[in-house]
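Novice: Pasting a structure below so you can have a look.
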Amino acid sequence: MSSPRIATNREAPSALLERFIQEFKFKLCITEQEKHKVYRLRHDVYCEELQYEEPTDPYNKLEYDIHDQNSIHCLIEHRRTGLVAGCVRVVIPKPSSPQPLNQLPLQTYGSQSLTHPEFHPEKLAINSYYEISRLAVNPLFRTKAKEKEKDILANTSTSTFFP
């Protein structure tokens, strides 16, 4: 893999977007095979690396939950290598479904943290809110902070690295 290209905050957002599009492919996951790529990356990051979740399917090294059936799954692939670079899901609660499918994962797992008097999901119109969750980035595509620490500290502007 070639060395990372550095993008500074001074670079135009359109140029950053163009570089992203040249390097990566964004896909909505339709097939089970595409969703398995998402679940595998989530396993690698959330279960293996961070040890934040127990694997749902340790034999196949997959991490998923009940909310995945009400989600739009997105996958980012590196164009040159075909490697999965990242993933995220958008959870769309189904009000007519039984719990927990009628609510956001945040309501299921962290309801005690939802304290805002106006923006609590129960106070919002049904189908007016979604949850973006399970964002995972392959370690091969993360900022090489340890390797570039001196360069970053010397540079007063924030930098983004693309492999």
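Novice: Leu83 to Ile132: extension gain in nm, 0.36 nm per residue of separation minus the Cα-Cα distance? Could you put the intermediate results ahead of the total?
Specialist: Numbers: separation 49, 0.36 × 49 = 17.64 nm, distance 2.24 nm.
Contour length minus the Cα-Cα distance gives 15.4 nm.
Novice: Determine the per residue accessible area of the stretch 1-128 with all protein chains present and a 1.4 angstrom probe, expressed in square angstrom.
Specialist: Values: 8140 Å² over 128 residues.
For the stretch 1-128, the per-residue accessible area is 64 Å².
The values are calculated or read from the model by the stated rules, or taken from the named source; none is laboratory data. Here the structure is a predicted model, which is why all the values come from computation and not from measurement. Quick note on the areas: whole protein, heavy atoms, side chains included, nothing else; ligands and nucleic acids left out. Shrake-Rupley method; radii C 1.70, N 1.55, O 1.52, S 1.80 Å.
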